[in-house]
Each structure stands twice: as structure tokens, then as C-alpha cells.
């Protein structure tokens, strides 16, 4: 039973990070047989942990991908958690009620300043763009963002956050997202441009950023 739970946690993590995947792709990633993987997927589907992706969603992933593919249910997305979600929302709502929108903006600015100082210190010895991006991935991974980066083939990177541990706070006050983008641009340097290309709060599966040398 413990082995099944461990395998299913790994399946959930892959679907969270990669989005829609077929049984064959999942089996390959976890060094399992396709038959064994389908047994796990059947059990997880019956438990409401995953669901079959629609044909339209599968087709958006690229030609040749089989129709029998899987994705997380809302229940499983919630499994990954939103750090202190209700407390955070209550604190933001309280700040807005007592201090007004200006007070909330000051709260966002304070958090942005703290994060900026921490990241600048952490990246101070990172010279190349790759070293800076790698360090940013490390920092965000430690904070629960399931971060990763992919080279784009043109000297830049796609920086990806597969999970947002402050999603509730961001929905309550999108200033946190604006501050996040500003921090990334500042710590990565004036020699690069940073553009958000996927946004969780606008219906994206994740947040991702294009980081390119100027």
C-alpha cells in the first residue's frame, strides 16, 4: 500500500509539473510498464485524483499525442497546498478594511523589498545568465513554487513555476504578482528582459516567464 501511495504521489507530481500526459509517457518517466501504470491510473481515476483529458485539450499539446491522456482534478491540485491560505486572505482583507487600498499596497511593497534583498544577496555571486536563472530556480523551489527552467535555444530561458503556494493571496491582491515580476527583472539584471507568458490567474495551468538577453 505504501508503495502504491509513493508511486501515485509521483504520478500526481508529474501531472502537476507537466500537465496532460499519456499512460505511456508517465510509465516511461517512472520506469514502469504501461500495463502497471494503467492500473495505477484506473485506481486514481476512480478515487477522483485524476481525470481523462478532453480531446480538445490533448490536441493542444501537439500532434501525435494519444487521446487517452490524463490530468489532475481540482481536488488533486489542492493537494499541493496554498501556504496559510485562509490566514493570508484574512490578513489582506483586514488590512484593506482598516488601512484602505493604500495600506495593502504598502504591505505588498514591504514584502517586495524583503524578497528583493534576499534574492539580490543570493544572486550576488552569480555571473552568467544561466547561473542567475539556476539560483532563482533554487530559491523559488525552496519556497514551494515547483520551479524549473528550460533553455529556449536562443540564449534565453523559459522560467516555470508549476505551483503557486500563495495563490489565494494573489487572487485577493494581484499586487503580489506585479511585485514578483518586478523582483525577477531587478535581480536578473538590466541586461535581460523578463516577460510573463503564462499566468495562473488568467486561466493558465502555471505561471511562466520568458527570460532573454537584451
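The values are calculated or read from the model by the stated rules, or taken from the named source; none is laboratory data. This is a predicted model, so every value here is computed, not measured. Note that we place each Cβ from the backbone using ideal geometry, even for glycine, and neighbour counts take in every protein chain shown.
The helices (runs of 4 or more DSSP H) found wholly in the range 64-155 and carrying at least 3 residues that are modelled with pLDDT under 90 and crowded, with 16+ Cβ neighbours inside 10 Å occupy 85-122. Restricting attention to the range 162-197, the residues that are modelled with pLDDT under 95, touching a helix residue (DSSP H, G or I) at 6+ places or on another chain (Cβ under 6 Å) and not in a loop (DSSP other than H, G, I, E, B) add up to 8.
So which residues in the range 198-212 are at pLDDT below 95, farther than 16 Å from residue 165 by Cα and not in a loop (DSSP other than H, G, I, E, B), if there are any at all?
Going residue by residue through the range 198-212, those that are at pLDDT below 95 are 198-207.
Next, only the ones that are farther than 16 Å from residue 165 by Cα stay: 198, 202-203.
Matches in the range 198-212: 198, 202.
Looking across the range 172-197, just one residue is within 14 Å of the chain's Cα centre (by Cα) and over 26 Å from residue 107 (Cβ atoms), and that is 197. Could you grab me the full set of residues in the range 136-178 that are at positive phi and free of Cβ contacts under 8 Å to residues at least 12 places away in the same chain? Answer for the range 136-178, where residues must be at positive phi and free of Cβ contacts under 8 Å to residues at least 12 places away in the same chain: just 153.
Of the residues screened, residue 174 is not one that is within 28 Å of residue 102 (Cβ to Cβ), surrounded by fewer than 18 Cβ atoms within 10 Å (Cβ to Cβ) and touching a strand residue (DSSP E or B) at 6+ places or on another chain (Cβ under 7 Å).
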